[in-house]
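The block underneath contains the structure these notes are about, expressed in C-alpha cells.
Readers should treat all values here as calculations from the given coordinates under stated rules, not as data from a laboratory. A quick note: this is a predicted structure, and the numbers were derived from the prediction, not measured. Every residue, glycine among them, receives a Cβ derived from its backbone with ideal geometry; neighbour counts consider all protein chains shown.
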Amino acid sequence: PATAFMEWGRGTDHEGRRIQHWFAPSDQPLFAFAGVWKDSEVPSFALLTCEPNALLRAAGRESMPAILPPDPKAQHLWLHGDWKRAAELVAPYSSSLMREAVR
C-alpha cells in the first residue's frame, strides 16, 4: 500500500536539483500497486508498469506504475485470480482521478 509515489521530472529547479513530481490517486487515500512477489532464496518483488496517463506523460514520463482500482473485487482478482483476467488490471490509472504535487 502507498499514499503517493515520486517520479523524476524533466529539468532542474532554481537550485540545480532534479525536479520531483509526486502523484497520488485522488479517489483513494491508500492505494495498491500491481506487483509480483517471488519467495525464493532471495525474496524479491517488482512493480508492474504500463503506458503513462496524460498527467504523467505531461511530466515527461514514458511509463507509470500500474495502480489497482479501489474496488475490493479488483484487488481480490489481482491477488487470487488467474493471470489472463488479472492482467487486464495493468492499465494506466485515469489522470482525472489523480493529483500531482511538485516538490
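Could you compute the net charge surrounding CYS50? Neighbours are other residues with a C-beta less than 14 Å from the C-beta of CYS50; K and R count +1, D and E count -1.
Counting the neighbours of CYS50, the net charge comes to -2.
With the Cα gyration tensor of region 1-48 in hand, give its eigenvalues times 5 under a square root as the equivalent ellipsoid semi-axes, listed largest first in whole angstrom.
Working: eigenvalues 161, 62, 10 Å².
For region 1-48, the ellipsoid semi-axes come out as 28, 18, 7 Å.
Taking the alpha-carbon set of region 1-91, what are its Rg and Dmax in Å?
That works out to 15.3, 49 Å for Rg and Dmax.
Which of the trypsin sites (Lys or Arg not before Pro) found in region 1-88 are in a DSSP loop and have at most 15 neighbouring Cβ atoms, other than their own, within 10 Å?
Loop-located and lightly packed - ARG17.
Can you give the relative contact order of the chain as a percent, counting alpha carbon pairs under 8 Å and 6+ residues apart?
In percent, rounded to a whole number, it is 30.
Might you report the magnitude of the Cβ-based charge dipole of the chain about its Cα centre, with Lys and Arg at +1 and Asp and Glu at -1, to the nearest 20 debye?
Working: 11 positive and 12 negative charges, 34 e Å.
Value, rounded to 20: 160 debye.
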